[in-house]
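No lab work stands behind these numbers, since they all come straight from the coordinates. Keep in mind the model is a prediction, meaning the values are calculated, not measured. Neighbour counts are summed over all protein chains in view; Cβ atoms, including those assigned to glycine, are modelled from backbone coordinates with ideal geometry.
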Amino acid sequence: MGQFRILRRNPRITITTILLIAFLGIDVSSARLFYLYHGYGFFMKSAYTEKTYRIQSVKFHHGLKPSIYIRDVRWENRSYTVATDSLGFKAGTKKETSLVNERYRIVFIGDSFTEGVGVNYENTFVGRIDSELSKSDIEVINAGVISYSPIIYYTKIKHLVDQGFRFNELIVFIDISDIHDEAYSYEMSDGGNVVTRKALQFNAKTLIRDNTILCYYILNKVYDFLVEIRNGSEFPINIQHSNWTTHEEAYNAFGKKGLQKSRLYMDKLINLLNLNDIELTVAVYPWPAQIMRNDLNSRQVVFWKEWAKKNDVDFINLFPVFINEDCNTSCRTQALDRYFIAKNVHWNEDGHKLVADSFLSNYPHR
């Protein structure tokens, strides 16, 4: 009876609570019915499509399914075509790729930037380089896949070499987020395979996305609004994965550890390449956060430039290509508008072209 008296004394709170519970119940039920009918969540069509061509690997954690061609892949409100060759490398179309080729062969490896998510292959920087270098009878291979980092660069290249895959040159595009992934995402098993770290963090965003429709939509809009207020821009600037280059707290939390692990596996990689007479080039590039904060002499640049010099390998610094030291905030925002996908850290077609042109202008084997 006491509980009912409380309800009578606070009718507005009672009605609001009942409506919220009813709203949540309907939202969760609707999300569940949608999943049962379609086989994927309301906001998960793109992820569901990606499951058809992204596969797990016992050796190097994950990769791309060989010989696929999908025209309408959805990624961040963009539609693009995804294709792979017979070895599971990103390509412009399905094709056979041999383990050994008499032509000079270059392999690019990196994460989602190198894979070229959201952009058709011919418009990605690797695709553009492929098109240009093919005129010089040079074969270009794209071994990049989303969420790769040095532990996978080393393990995947070792696996390819052990399988008899032969090439002349490796270009590693080391991403800002690689450092976070090395610290938190991956570890090496006793058997020498890359596995997910056992200590996984609870992801509230994933839980809400997979089990609601309206709640996730509303919360996403609120988040985007707050981010724009905080950043003064529609681009994601304050992301943990990229803050380690400019924020001491993030650097101490995972930056130091991530760099140490990255160096460990890049050391292993260079030793493997030296044994097989394969040239190495290391490339670095900024995220929107580094551009907006004018982080030209970034920790990312300094660390890998020193590593490259110590190991006598070529180093490509793309930070000056995107960052004009004399540019004001408005000018930097214009650079993001021009070269990056809206509300995303990845390059659009113009961004990929900028990277390709910069690479080709200094490439010695053309």
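What ranking do Asp210, Asp350 get, fewest neighbouring Cβ atoms within 10 angstrom at the top?
Asp350, Asp210
Within region 91-174, the GluC sites (Glu not before Pro) that combine a DSSP coil assignment with at most 16 other C-beta atoms in a 10 angstrom radius are Glu96, Glu102. Here Ile26 and Leu207 are evaluated by their C-beta separation; at R0 = 22 Å the FRET efficiency comes out at 0.75. Sorted fewest first by neighbouring Cβ atoms within 10 angstrom, Thr124, Thr93, Thr246 come out as Thr93, Thr246, Thr124.
Residue order for Tyr265, Tyr184, fewest other beta carbons within 10 angstrom first, comes to Tyr184, Tyr265. Summing +1 for each Lys or Arg and -1 for each Asp or Glu among the other residues whose beta-carbon sits under 13 angstrom from that of Asn168 gives -3. Residue pairs exceeding 19 angstrom between C-alpha atoms, taken from Lys261/Lys305; Lys309/Lys353; Lys65/Lys156; Lys156/Lys261; Lys158/Lys353: Lys309/Lys353; Lys158/Lys353. To the nearest 0.05, how large is the calculated FRET efficiency for Arg54 and Ser330 if R₀ is 41 Å and r is the Cβ-Cβ distance? For Arg54 and Ser330, the calculated efficiency is 0.60. Rounded to whole Å, give me the distance from the Cα center of region 350-364 to that of region 284-336. Each part's Cα centre sits 15 Å from the other's.
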